[in-house]
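Please read the structure below before turning to the comments.
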Amino acid sequence: MKIILSPQRREDALVLRKLGDQLTVNGEVFDFSRLEDGDTLPEGAIQSEWFVGDVAREQGELTLRLLLPIPAHYSPSQAYPEDLVGVPDGEVALPQPLSQPEAGA
């Protein structure tokens, strides 16, 4: 699975978990196992604000684009995220924000 991250300034969170061709996005499961090689699922067919593009399977690999919410103290790796390629099963590691300064510092 290849996940392309599209950063957007917002304060909510994104939690991803992958299991085979299933991707759980903030607790909601999306199963792409029915997509065969060469198939494309249009963005409009996916009932989620997190998907920002079609989902396609080419040469056996699923490729999808998701919004990446970035907070006010975002890091360069959030602002310019690298594609997540060959994502293993389990919780998906996303770029993290900069540490917030301590109050009164």
Q: Would you please name the trypsin sites (Lys or Arg not before Pro) within the range 9-96 that are DSSP coil residues with at most 11 other C-beta atoms within 10 Å of their C-beta?
A: Arg34
Q. For Phe32, which sequence-distant residues (separation of 5 or more, or a different chain) have an amide H within less than 5 Å of its own amide H, given hydrogens modelled in the peptide plane?
A. Gln22, Leu23
(Q) So if each residue of separation counts as 0.36 nm, and I subtract the Cα-Cα distance between Ser99 and Glu43, what length gain in nm does that give? (A) 16.8 nm
Q.
To make sure I understand, if each residue's beta carbon is the centre and we count other beta carbons within 10 Å, what order do Val85, Val52 fall in, fewest to most?
A. Val85, Val52
Q. What is the local net charge at Val85, summed over the other residues whose Cβ is closer than 11 Å to its Cβ (Lys, Arg +1; Asp, Glu -1)?
A. -2
Q | Read-out P(r) over Cα pairs in 10 Å bins from 0, in percent, derived from the coordinates shown; its label in (1) 14, 46, 28, 9, 3, 1; (2) 15, 39, 22, 14, 8, 2, 0; (3) 13, 38, 39, 10, 0 | A | (1)
Q: Measure out, as a whole number of angstrom, how far apart the alpha-carbon centroids of the range 2-20 and the range 55-105 sit.
A: 6 Å
Q) For Leu66, what charge total do you get from the other residues with a beta carbon under 14 Å from its beta carbon, if Lys and Arg give +1 and Asp and Glu give -1? A) -2
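No value in this document is a laboratory result; all are computed from the given coordinates. Since the model is a prediction, treat every value here as computed from it, not as a measurement. Positions of Cβ are backbone-derived with ideal geometry, glycine not excepted, and every protein chain shown enters the neighbour counts.
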